[in-house]
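Report on the structure given below.
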Amino acid sequence: MESKGQEKEAVQAAESTSTDPAVILAAGSVALSWFFFYARGNKQQGLFVGLWPPTILAFASYFKQTRMDDMVERATGTDTLVGRVERIVQNRSK
């Protein structure tokens, strides 16, 4: 288990991010994974649920990056319909 200091740091880190629900969901899926793996003895289900946190955090990171990109475009004045269509085409070609 985590010490009180580590737990406090984790809570502060979660509070300082804008992806609080994603961090909470990721931590919950880790706990659920441990429950399935150790308490219920279902190792396969525990491993499956254990793969969820990186996926959840990756999606949260992507959406945060997209929001930041939109803010930069609005600030620089490149937020036009043509600019958005070009960005969509570029993202699909990657």
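Here are the numbers for this structure:
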| item | result |
| --- | --- |
| Mean Cβ count within 10 Å, highest first, over the residues of peptides 81-88, 25-32 | 25-32, 81-88 |
| Inter-site label distance for Leu51 and Tyr38 at 7 Å from Cα along Cβ, in nm | 2.3 nm |
| Ranked by how many other beta carbons lie within 10 Å on average, peptides 41-50, 64-73 from highest | 41-50, 64-73 |
| Chain lengthening between Arg84 and Phe63 when straightened (0.36 nm per residue, less Cα-Cα) | 6.0 nm |
| Bins of 5 Å from zero: percent of alpha-carbon pairs in the stretch 35-89 | 4, 17, 14, 13, 10, 9, 8, 6, 7, 7, 4, 0 |
| Val72-Ser93 FRET efficiency (beta carbon distance; Förster radius 30 Å; 0.05 resolution) | 0.90 |
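Each value in this text was obtained by applying a stated rule to the coordinates, not by laboratory testing. If you're wondering where the values come from, they're calculated on a predicted model, not measured in any experiment. Ideal geometry is used to build each Cβ from the backbone, glycine not excepted, and the neighbour counts take in all protein chains shown.
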